[in-house]
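Peer 1: Have a look at the structure that comes next, please.
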Amino acid sequence: MNATNALPAKQSQRITKTSLLQFLLRGRAFIALILVVIWFTWTLWPNFLSAENVVIMSKHVAQNALLAIGMTFVILTGGIDLSVGSLVGLTAMISGMLINEGIAIPAIGLIVYPHTWTILVISIIIATFMGAVNGFIITRFNVAPFIATLGMMYVARGFAGLLNNGYTFANLVGRPELSNTGFPKLGAGEFLGINYSIWLMVIFAVVAWFITTRTPFGRHVYAIGGNERSAELSGVRIKRTKVFVYMISGFCCAFVGLIIASQLVAAHPATGNTFELNAIAAVVLGGTSLAGGRGSIGGTLIGAFVIGVLGDGLVMSNVSSFWQMVIKGMVIVLAVIIDQVQARMQERIALQQQQELR
Amino acid sequence: MSEQAALTQSSEMDTGADTVALRAENITKVFPGTIALDNVSFNVYQGKVNVLVGENGAGKSTLMKILAGVEQPSSGHIFLEGKEIHVRNIQEASRHGIGIIFQEMTLCPNLSVVENIYLAREVMLRGVMIDKKAQKKQAAELVTRLEQKIDPDAQVSELRIGQQQIVEIAKALAQEVRILIMDEPTSALSATEVEVLFRVINELKSRGVSIIYISHKLDELLQIGDYVTVLRDGKLVETARTADIDVSWIIEKMVGKNPAALFSRQEHTIGDVLLRVKDLTLPKPGGGYIVDHVSFELHAGEILGLYGLMGAGRSDLVDSLAGARPQSSGSIWLNGEPILTRKVSERIQSGIVLVPEDRQRDGLVQTMSVADNILLASLKKYLNRFFLVRKKEKDAVGGMIKDLSIRVANPSQPITSLSGGNQQKVVVAKALLTSPKVLMLDEPTRGIDVGAKSEIFEIMSRLAQEGYGVIFISTELKEVLAMSDRILVLSKGAITGEFSRQEATEEKLVAASAIGHGLAGTANHNGGTNPNERN
């Protein structure tokens, strides 16, 4: 880093120019976000940026962003998690069942109604455990992540349906005498005028950013995605780390499932259907490589916002849902193409720096 | 042998200038972090064997890849029979009649011999279906011409490495080639297979095919070659007719200076026993042993050389010590304490660390920066409770870059932008930061330039002085002899010789490495890969 400073002024100027272009390419998702916001603000004036609308959009974004944060860990290791949508549904159904029907213990003919907080914790533990099962199948039995989580996608969705024979658990308000009230607060509650789900997104993003950039675990995640063999020979515990990333993904699913069930005050077994695809799209749009090893939480967050804002903006512009899909699809592919261009350019810049060193 | 005599005769009888079939003019190729070829002009003579030699990383393979259309030159021109051609890919090269046999096997193991030979050039029946009969017949003829008993329908993965190489050659012959590039074709062949190959080469020559031949085996290329071109550090050093030169000429041109000057070995005192290994065994799937009950001791401050032919089990031995082979068994004591852990991470913690043979596959994380690669194995050291402290990381990286003089503009740049030698130093730095007691270096000088080699030796020597136990593997006899305090020779997984620095000679090492192979100790100047099968 000192070498760059030591270079003659002319050279460092050239570096500044290329690094500006690099900065623009790197920040492309952010630039795309700004453009999308400007476009919709202009065409939908003044409704798009109304406080009400911003809150609604952020709520939509928050759910996808939470899933995408968990997915980022998985994809950074070079894996994929297709089960997140189903795990969202399963968590929603479990929380609904615990509130409305409690836990029946036939042996003593008793039904236990857990406290609301306990319900949250149980739901989270189950989803995280399902993530651990994913990781376990992938690492111990050497099953491709795509297949293992595809299996989990069906299994979890099936269980979600089985919990109430395919019916919805409605009116999840609990009963004061069972001290299991207050569940809807999670979805509707606010702190400093901002919905809890948005706070959760912020907290998760900060913690995840911290983990990925500042902890050995995060570094190991990147190393596994970059070159698993090298990582292993460097002493990284591959299996343990991999199981952990799927657990993180499951953990994130649990929160989204709870938030949705709470917002709707009902749990439907099809909750979260195809959410995994939106989460993957956000991760990829944010510049994370599906091959693993490259990407960031910040990118994922921006990716989630681009997808969310684009989706809501198009709905408000009365664009047909079919065109919405076409546009979303094109944006995702375009993002990956630009990603390739940037990667090649970055390589060239590094080469140039190295050449100047000689 | 009579053919060889005939060959020498014929090249002596050529008085006038041979015609140039292919000419590469002022070829330059820049890779991230390194100039692989620097303004090289190279003639390929019609109907001759044009040999290319040079050390690892001299640019031979790059030049071949450019001629075969695999890589594009950064600048320069290629002329085929006087006309400039542009070969943008292998298909175009083969349309011009240029065929290549790669050093790395490029066969699809899941397809049959016939399918591989005609891959992407399938013989078609009425333009829609593959004419399996015709393909099989032609393939059988090719294999017969190569004097091999290979079933054309056999799946390639079922063949021995040597046989696979023959299939590779048959694949090139199946196209009507005018220029055939062979990149180390004999590295996996047995002695008899090499003879067959040479007969085929002579036959091709008589049909006017020009051959470009790359090999590390200097005796061999003097035997088969007509012209020898030496490359060093991406530059063309000299071209000569084989008749006018000998092995020592080639070595001198290849190394460019007295080879001994490469090795900077400082005297160091050897301490107590640091590592004791007893009955280390790695079973071979399907019976037998890859590492066969190996026992030895390593002292503090000692450089222990491990020599052996390809497949002798050297790498498997150090991999087992590093904990990378869970199937291995045996006992290890470090400083008298038994090491019971079996995982890589735990072995690293107890002080045994490996710099693996293949740095691209096992040593580096290509997506990470130079700094992150250096730190990867020792992250726990930079922790402040839960998080990594930037300053500690930076200090460690900076210290290593200075200590090992890693040439990098900025530690945050991608590891792929560094030259091979500097990448290797990064892998060494990563190992050193784990504060090891025993450092195992598996072929640390493979594919890096002369300067970097010399620096790696310097580092090794310094580490020994500081009291590390160093295990050093190399296929290059000269390196092993120059650097080691003691040399163990492996053959077929077992130790077949142990020599002190004073006793060791090239002849003794080669003889010991051949035990169990049933071949006489034919000294191989480069100490290169053995013609025997590698299992």
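Peer 1: Given the peptides B:202-213, A:159-170, arrange them by the average over their residues of other C-beta atoms within 10 Å, most packed first.
Peer 2: Answer by packing, highest mean first, reads B:202-213, A:159-170.
Peer 1: If you take each beta carbon of peptide A:290-302 and count the beta carbons of other chains within 10 angstrom, what is the mean?
Peer 2: For this peptide, the per-residue mean of nearby foreign Cβ atoms is 1.
Peer 1: At a Förster distance of 25 Å, what's the computed FRET efficiency of A:Q324 paired with A:L290, Cβ-Cβ distance as r, to 0.05?
Peer 2: Once rounded, the FRET efficiency stands at 0.60.
Peer 1: Evaluate E = 1/(1 + (r/R0)^6) for B:E176 and A:S179, where r is the Cβ-Cβ distance and R0 equals 56 Å; express this FRET efficiency to the nearest 0.05.
Peer 2: The pair B:E176/A:S179 has a calculated efficiency of 0.05.
Peer 1: Could you sort B:451-462, B:362-373, A:143-154 so that the peptide with the highest average Cβ count within 10 Å comes first and the rest follow in order?
Peer 2: B:362-373, B:451-462, A:143-154
Peer 1: What FRET efficiency comes out for the pair B:R95/B:R265, r = Cβ-Cβ distance, R0 = 60 Å, nearest 0.05?
Peer 2: The value I calculate is 0.70.
Peer 1: May I pose another question? Can you work out the PRE-style zone for A:A343? Point 7 Å along Cα to Cβ, and I want the residues of segment A:292-320 with backbone N under 16 Å.
Peer 2: Residues A:292-296 qualify, since their backbone N sits under 16 Å from the label point.
Peer 1: What's the local net charge at B:V489, with K and R +1, D and E -1, over the other residues with C-beta under 10 Å away?
Peer 2: Net of charged neighbours comes to +1.
Peer 1: What is the extension gain from A:L44 to A:L21, computed as 0.36 nm multiplied by their sequence separation minus the C-alpha to C-alpha distance, in nm to one decimal?
Peer 2: This chain segment gains 5.1 nm when fully extended.
Peer 1: Holding the Cα-Cα limit at 30 Å, pick out from B:K149/B:K492; B:K29/B:K171; B:K60/B:K284; A:K242/B:K380; A:K185/B:K380 the pairs that are longer than that. Don't jump to the answer; show the numbers that get you there.
Peer 2: Working: B:K149/B:K492 26 Å; B:K29/B:K171 28 Å; B:K60/B:K284 35 Å; A:K242/B:K380 19 Å; A:K185/B:K380 41 Å.
Going by Cα-Cα distance, B:K60/B:K284; A:K185/B:K380 fall outside the 30 Å limit.
Peer 1: Taking the 0 to 90 degree range and rounding to the nearest ten, how far is the long axis of helix B:161-174 tilted relative to the main principal axis of chain B, both from C-alpha atoms?
Peer 2: It is inclined by approximately 30 degrees.
Peer 1: Mind listing the phi-derived Karplus ³J(HN,Hα) values for segment B:350-365, rounded to whole Hz, using 6.51, -1.76 and 1.60 with θ = phi - 60°, and x for any glycine or proline?
Peer 2: My calculation for segment B:350-365 gives 7, x, 10, 9, 10, 9, x, 5, 9, 6, 5, 7, 10, x, 10, 9 Hz in order.
Peer 1: Another question about this same structure. Output the antiparallel fraction of DSSP beta bridges having both residues in chain B, as a percent to the nearest 5.
Peer 2: 60 percent
Peer 1: Same structure again: Considering the dipole of segment B:76-166 built from charges on the beta carbon (Lys and Arg +1, Asp and Glu -1) around the Cα centre, which of B:N89, B:Q155, B:Q135 is farthest to its positive end?
Peer 2: Farthest towards the positive end: B:Q135.
Peer 1: May I pose another question? Per residue of segment B:41-49, what does 6.51 cos²θ - 1.76 cosθ + 1.60 with θ = phi - 60° give for ³J(HN,Hα)? Whole Hz please, x for Gly and Pro, Karplus curve as stated.
Peer 2: Per-residue couplings from phi come out as 10, 9, 9, 10, 8, 4, x, 10, 9 Hz.
Peer 1: Along the charge dipole of chain A, which of A:F255, A:F183, A:F30 sits closest to the positive end, that is, farthest toward it, with unit charges on the beta carbon of Lys, Arg, Asp and Glu (+1, +1, -1, -1)?
Peer 2: The Cα lying farthest towards the positive end belongs to A:F30.
Peer 1: Next up: For segment A:247-252, what does the Karplus curve 6.51 cos²θ - 1.76 cosθ + 1.60, with θ = phi - 60°, yield as ³J(HN,Hα) per residue in whole Hz, taken in order and with x for Gly and Pro?
Peer 2: 5, 4, 4, x, 4, 5
Peer 1: A further question follows. What's the center-to-center distance, using Cα atoms, between segment B:367-437 and segment A:185-213 in Å?
Peer 2: Going from one Cα centre to the other spans 35 Å.
Peer 1: With a 10 Å cut-off between alpha carbons and a GNM built on chain A, which of A:W199, A:W42, A:W209 moves the most?
Peer 2: Highest fluctuation among the options: A:W42.
Peer 1: How well do other chains shield peptide A:190-202, expressed as the mean number of their Cβ atoms within 10 Å of each residue Cβ?
Peer 2: 0
Peer 1: Kirkwood-based Rg over Rh for segment A:60-345 (C-alpha set), two decimals?
Peer 2: Taking Rh as the inverse mean 1/r over Cα pairs, Rg/Rh reads 0.99.
Peer 1: Please tell me the relative contact order of chain B in percent, rounded to the nearest whole number, where contacts are Cα pairs under 8 Å and at least six residues apart.
Peer 2: 16 percent
Peer 1: How shielded is A:333-346 by partner chains, expressed as the average number of their Cβ atoms within 10 Å of its Cβ atoms?
Peer 2: Average per residue, whole number: 0.
Peer 1: If each residue of separation counts as 0.36 nm, what is the full-extension length gain between B:W333 and B:S412 once their alpha-carbon separation is subtracted?
Peer 2: So the extension gain works out to 24.6 nm.
Peer 1: Let me ask another. Of the beta bridges DSSP finds with both residues in the protein assembly as shown, what % are antiparallel, to the nearest 5?
Peer 2: 60 percent
Peer 1: Using +1 on the beta carbon of Lys and Arg, -1 on that of Asp and Glu, and nothing else charged, what's the dipole of segment B:362-433 about the Cα centre, debye to 20?
Peer 2: Roughly 300 debye, rounded to the nearest 20.
Peer 1: Please name whichever of A:A335, A:A267, A:S321 sits farthest to the positive end of the charge dipole of chain A, dipole taken about the Cα centre and charges placed at Cβ: Lys and Arg +1, Asp and Glu -1.
Peer 2: With unit charges placed on the Cβ atoms, the residue in question is A:A335.
Peer 1: Follow-up question, since we're still on this one. Put a dot 7 Å past each Cα toward the Cβ at B:K133 and B:I251; how far apart are the dots in nm?
Peer 2: 5.8 nm
Peer 1: Hey, another quick one. Helix A:51-76: angle to the longest alpha-carbon principal axis of chain A, degrees 0 to 90, nearest 10?
Peer 2: With both axes taken from Cα atoms, the answer is about 80 degrees.
Peer 1: What ranking, highest mean first, results for peptides B:194-200, B:36-42, B:438-444 when packing means the other Cβ atoms within 10 Å averaged over each residue?
Peer 2: In descending order of packing, they fall as B:438-444, B:36-42, B:194-200.
Peer 1: Let me ask something additional. Would you mind computing, in nm to one decimal, how far apart the modelled labels at B:R88 and A:V206 are, each placed 7 Å from Cα along Cα→Cβ?
Peer 2: If labels sit at B:R88 and A:V206, their model points lie 5.4 nm apart.
Peer 1: Provide the gained length on full extension for the span B:N39 to B:S206, in nm with one decimal, where the gain is 0.36 nm per separating residue minus the Cα-Cα distance.
Peer 2: 56.9 nm
Read-outs: derived from the displayed coordinates by stated rules, not from any lab. Everything quoted here is computed from the prediction, not taken from an experiment. Using ideal geometry, Cβ is built from the backbone for each residue, glycine included, and neighbour counts are taken over all protein chains shown.
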